[in-house]
Amino acid sequence: MRWVELPGRQPARVYVHGLGASSPAYFTASAAHPLLAGHRSLLVDLLGHGLSDRPQGFDYALESHADALAATLTHAGVTGAELVAHSMGGSVAIVLATRHPHLVSRLVLVDANLDALAPDPASAGSAGIAAHSEADFLAGGWRQARERAGAHWWATMRLTDRRALHRSAVHLARGTEPTLRALLRDLPIPRAYLLPETDGPLPAAAELTSAGVTVVPVPDCGHNIMLDSPEAFARATAAALTD
């Protein structure tokens, strides 16, 4: 696994991208924003994505992504990190904090997946990719993902290994047991969940807020909050990272 690193003070901040994305592409401007700059920051690409290797024998399950990220952070000398994680990366971050608690001191989840999804051929995201068998996706089903993703998402999705993309999407849609929502609820660390204000209330938000999760609607953005509304994202993330 590879990452782009910005030097600075501790604790380290680790930025983790979503499905078919890359952390340097999605998070460099945020990590360098005046409200967030100054900490040691690692913009990590998960296996199969961006700058990282594409092992064909890897299963790309959320747990496996989390364990590989744990090994990477350990190699980089990181403990007690503040994780800022988008979409699928947020799901991986929840599992990482559950399985390797010494590595994570705080979570900021950016419109992360918390619930399982039924495969849906018409979907542009993980549910649509998961609707294909692996063989069908590799044989040409990936073209449908390209068409539905649009030019912006495809700019990084095209760099993702297609087998890794499919397997990651299948496991993301399947979720975990206990659920990601339950794992997040039970974590004993500061947690914030950012979502687009236009999406309306986060489903079952009361359960999370009662467990200490701060839920923050961000205005004027879609799923890619850090790209759509960078100033509001920086303000919300800085607030979530401040006691």
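The values are calculated or read from the model by the stated rules, or taken from the named source; none is laboratory data. This structure is a prediction, so every number in the text was calculated from the model and none was measured. Please note: Cβ atoms are built from the backbone with ideal geometry, for glycine as well, and neighbour counts cover all protein chains shown.
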Next item on the list: Find all pairs meeting these conditions: Cβ atoms under 9 angstrom apart; at least six residues apart or on different chains; first residue within the stretch 156-177 and closer than 12 Å to Leu47 by Cα; second residue assigned to a helix (DSSP H, G or I) and of a type in the set (Val, Ile, Thr).
Entry: Leu165/Ile129; Ser168/Ile129
Notebook entry, point to check: Does the stretch 120-141 hold any residues that are in contact (Cβ under 8 Å) with a residue 24 or more places away in the chain and among the hydrophobic types (A, V, I, L, M, F, W, C), and which are they?
Noted result: Ala124, Ala127, Ile129, Ala130, Phe137, Leu138
Margin query: Every residue in the stretch 116-135 that is polar (S, T, N, Q), under 22 Å from the mean Cα position of the chain (by Cα) and in a loop (DSSP other than H, G, I, E, B), please.
Written below: Ser123
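From Leu187, Leu194, Leu159, Leu172, grab the single residue that is among the aliphatic types (A, V, I, L, M), touching a Ser or Thr at 6+ places or on another chain (Cβ under 8 Å) and farther than 21 Å from Ala93 by Cα. Working first, answer last.
Values: Leu187 fails: farther than 21 Å from Ala93 by Cα; Leu194 fails: farther than 21 Å from Ala93 by Cα; Leu172 fails: farther than 21 Å from Ala93 by Cα.
After ruling out the rest, the residue left standing is Leu159.
Go through Ala66, Ala93 for me and flag whichever is within 15 Å of Arg181 (Cα to Cα), among the hydrophobic types (A, V, I, L, M, F, W, C) and within 14 Å of the chain's Cα centre (by Cα).
Exactly one of Ala66, Ala93 is within 15 Å of Arg181 (Cα to Cα), among the hydrophobic types (A, V, I, L, M, F, W, C) and within 14 Å of the chain's Cα centre (by Cα), namely Ala93.
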Next item on the list: Restricting attention to helices (runs of 4 or more DSSP H) lying wholly within the stretch 139-243, give those where 1 or more residues are crowded, with 20+ Cβ neighbours inside 10 Å, of a type in the set (A, V, I, L, M, F, W, C) and out of contact with any Cys (no Cβ under 6 Å at 6 or more places or on another chain).
Entry: 142-157, 162-174, 180-186, 225-228, 230-240
Notebook entry, point to check: Exactly one of (1) within 24 Å of Leu208 (Cα to Cα); (2) crowded, with 24+ Cβ neighbours inside 10 Å is unmet by Leu69. Its number?
Noted result: (1)
Check: Among all residue pairs at least 6 apart or on different chains, which show Cβ distances below 8 Å where the first residue, located in the stretch 196-208, is on the phi < 0 side of the Ramachandran plot and the second is hydroxyl-bearing (Ser, Thr, Tyr) and surrounded by 11 or more Cβ atoms within 10 Å (Cβ to Cβ)?
Finding: Leu202/Tyr193; Leu208/Tyr193
Checklist line | Residue check for Ala182: small (Gly, Ala, Ser) and either farther than 19 Å from Val95 by Cβ or touching a helix residue (DSSP H, G or I) at 6+ places or on another chain (Cβ under 8 Å) (or both) | finding: no
Next item on the list: Quick one: in the stretch 15-36, of everything that is within 15 Å of Glu82 (Cβ to Cβ) and out of contact with any helix residue (DSSP H, G or I) (no Cβ under 7 Å at 6 or more places or on another chain), which residue is surrounded by the fewest Cβ atoms within 10 Å (Cβ to Cβ)?
Entry: Ala31
Next item on the list: Note down all Cβ pairs under 6 Å where the first residue falls in the stretch 32-56 and is modelled with pLDDT of 95 or more, the second is among the acidic types (Asp, Glu) and surrounded by fewer than 21 Cβ atoms within 10 Å (Cβ to Cβ), and they're at least six residues apart or on different chains.
Entry: Leu42/Glu5; Gly48/Asp161; Arg54/Asp161
